[in-house]
Amino acid sequence: MLINLGTPDSPSVRDVRRYLREFLMDARVMDIPYIWRWMLVNLIIAPFRAPKSAKVYEQLWEERGSPLLFHGHGLKKKLQQSLGDEFLVVFGMRYQKPTITKALEELFAQNVKKIIAIPMFPQYASATTGSVMEKVEEELKKLRQEPQIKYIAQFPVDEGMIATFAELGKKYMKSMDFDHIVFSYHGLPERHIHKGSVDGHCRLDEHCCADYHSKNRWCYRAQCYLTSRKLAEKLGLSDDQYSIFFQSRLGKDPWIRPYAEEEIQRLASEGKKRILVFCPSFTADCLETTIEVGHEFKALFLEHGGEEWQLVESLNSHDRWVEALKNMVISHAFRDNDLGVKIKKFNFRNWLPE
């Protein structure tokens, strides 16, 4: 079961508003008391932000619809062909359609007893992977089904994933001499990291995230830095040839740094003219990659003296990515001849792979 975040049914204001309400009412996304969250989302954010967001979605929308949706269906089809008849591949979204409930119903209609669930986020975060896992458990209870289930809850250095991103980037590196490489990740409020910190370890600085170990293995930022190191190694980059920053910051609370807008201006001020940018926290292109990074960040870079800003497309349904997912599935399907034990009391930490 492949699960991505979600997308509005259309770029209309009504559908965007519905999507925003479901997304932002998730307590793992906006982790404030329910009554304040309800008032903020339903009385302020959804009414006033939906029209503006709808215009952005109009820029993103293609004849085929939302990229996140059609790339998801394309990946499902290719993975099904690659895995063959021993497996049934379904696709769902955490928010909006196709729902996780529908994906589960497709599985149960074929009398499936064992499930491998893959939230499509390489780096674990409570607001993404954690939310997906929690939602799957809620829907299983409603459906009164008790399959054996295993989550592939993080894969920040999966060899196939890293190799696919590197292959996608190298085709641009062959055609142009870039001054610098950027790895842009979706941001999170700092409080999300601190809440999941083991023994208060996370300090959210370069030294803290320089190594990946037992005390920061749940830290989203540390995983982002780990992915960047592995991808830089695959691309043959030295430490001074690439930068890491975090995008999509909202509100006044501190989010994890470095901030994208500040780093883009810094790179331009240092005389960098040609930038190649990857988005390794996204496995499919969407509003945050195509519009925010590909268009808005490009405009900012050019405004401050840059000359070339090239976005590397995401994994989408690339054949090498399909093969990487197939290897993940096979590895988990036949590990100890089982997929895991049915969860009696949900605790996501018990289900993260070693």
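We did not get these values from a lab; they are worked out from the coordinates using the rules stated. Note that this is a predicted model, so its numbers are computed, not measured. Virtual Cβ from ideal backbone geometry, glycine too; neighbours counted across all protein chains shown.
Near Asn216, within a Cβ-to-Cβ distance under 11 Å, what is the net charge of the other residues, with Lys and Arg +1 and Asp and Glu -1? Combined, the nearby Lys, Arg, Asp and Glu give +2.
Residues within the reach of a label modelled at Gln310 (point 7 angstrom out along Cα to beta-carbon, backbone nitrogen below 12 Å), restricted to segment 166-182, are 168-181.
Backbone amide hydrogens, once placed in the peptide plane, bring Ser243 within less than 5 Å of Ile181, Val182, Phe183, excluding anything fewer than 5 places away on its chain.
Antiparallel as a % of all DSSP beta bridges within segment 159-311, to the nearest 5?
5
About the centre of its Cα atoms, the chain shows a dipole size close to 1180 debye [charges on the beta carbon of Lys, Arg (+1) and Asp, Glu (-1) only; nearest 20 debye]. In this label model, Ser238 and Lys97 are separated by 5.4 nm, measuring between points 7 Å along each Cα→Cβ vector. Applying 1/(1 + (r/R0)^6) with R0 = 45 Å to the Cβ-Cβ distance of Ile330 and Lys55 gives a FRET efficiency near 0.55. A full extension of the chain between Gln80 and His201 corresponds to an added length of 39.4 nm, given 0.36 nm per residue minus the alpha carbon distance. Relative contact order of segment 159-311: 31 percent, from C-alpha pairs under 8 Å at least 6 residues apart in sequence.
Each of Phe108 and His213 was given a label point 7 Å from its Cα along the Cα-to-Cβ line. The distance between the two points is 4.5 nm.
In the chain, what percentage of the DSSP-assigned beta bridges are antiparallel, given to the nearest 5? Of all bridge pairs located within the chain, approximately 5 percent are antiparallel. Compactness ratio for the chain: Cα radius of gyration over 2.2 N^0.38 Å (N = residue count) comes to 0.98. In percent, rounded to a whole number, the relative contact order of the chain is 22, using alpha-carbon pairs under 8 Å and six or more apart. Principal axis extents of the C-alpha atoms in segment 159-311 (largest first, rounded to whole Å): 47, 36, 29. For the residue pairs Lys114/Lys234; Lys113/Lys326; Lys150/Lys215, alpha carbon separations beyond 28 Å are given by Lys114/Lys234.
Whole Å is fine, so just give me how far the alpha carbon centre of segment 30-61 lies from that of segment 184-199. If we compute the Cα centre of each part, the gap is 22 Å.
Report the one residue of Ala46, Phe87, His71 whose Cα lies farthest in the direction of the positive end of the charge dipole of segment 1-127 (charges on C-beta: Lys and Arg +1, Asp and Glu -1; origin at the Cα centre). Farthest along the dipole direction, towards plus: Ala46.
With each label modelled as a point 7 angstrom along the Cα→C-beta vector, the Glu63-Asp179 pair spans 3.9 nm. Here the residues Met1, Met328, ranked from fewest to most Cβ neighbours within 10 Å of their Cβ, fall in the order Met328, Met1.
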